[in-house]
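Take a look at the structure below.
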Amino acid sequence: MSGGPRKVTTSRIFAAGTILALVVSVPMLIVILVLYYVVHADVILVGVAGVVTLFIAMGFGYKLSKRLSKVQDTGSTDLEKK
């Protein structure tokens, strides 16, 4: 592996976006499915728990996006110039 800056490509941006989407959506879906089908909770309770889980996951996604942007940042490469 070379010590030079990593080139920002469309596939890297797509991969980072996909990871962020999974981090935000998968925990909410798991909570909703478990509460509704396993616990047999009320629909309102399932909805509230899903929204709370979504906001918590969005906080983790925000922290992860900062970390991913630092990894992809090359300093001199601007996507608008290409």
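The values are calculated or read from the model by the stated rules, or taken from the named source; none is laboratory data. Keep in mind that this is a model prediction, so the values were computed, not measured. Methodologically, a virtual Cβ is constructed for each residue, glycine included, from the backbone with ideal geometry; neighbour enumeration extends over all protein chains shown.
May I ask you to list pairs of residues, at least six apart or on different chains, whose Cβ atoms are under 9 Å apart, with the first in the range 12-25 being farther than 10 Å from Ala57 by Cα and the second being of a type outside the set (Val, Ile, Thr) and loosely packed, with under 12 Cβ neighbours inside 10 Å?
Note: pairs meeting the criteria are Ile13/Leu79; Ala16/Ser69.
Among what's in the range 37-82 and is among the small types (Gly, Ala, Ser) and not in a loop (DSSP other than H, G, I, E, B), pick the residue that is modelled with the lowest pLDDT. Spell out how you get there, then give the answer.
Within the range 37-82, the subset among the small types (Gly, Ala, Ser) is 41, 47, 49-50, 57, 59, 61, 65, 69, 75-76.
Imposing the further condition that a residue be not in a loop (DSSP other than H, G, I, E, B) reduces the set to 47, 49-50, 57, 59, 61, 65, 69.
Working: Gly47: 95, Ala49: 96, Gly50: 95, Ala57: 95, Gly59: 93, Gly61: 92, Ser65: 89, Ser69: 82.
Of everything passing the filter in the range 37-82, Ser69 is modelled with the lowest pLDDT.
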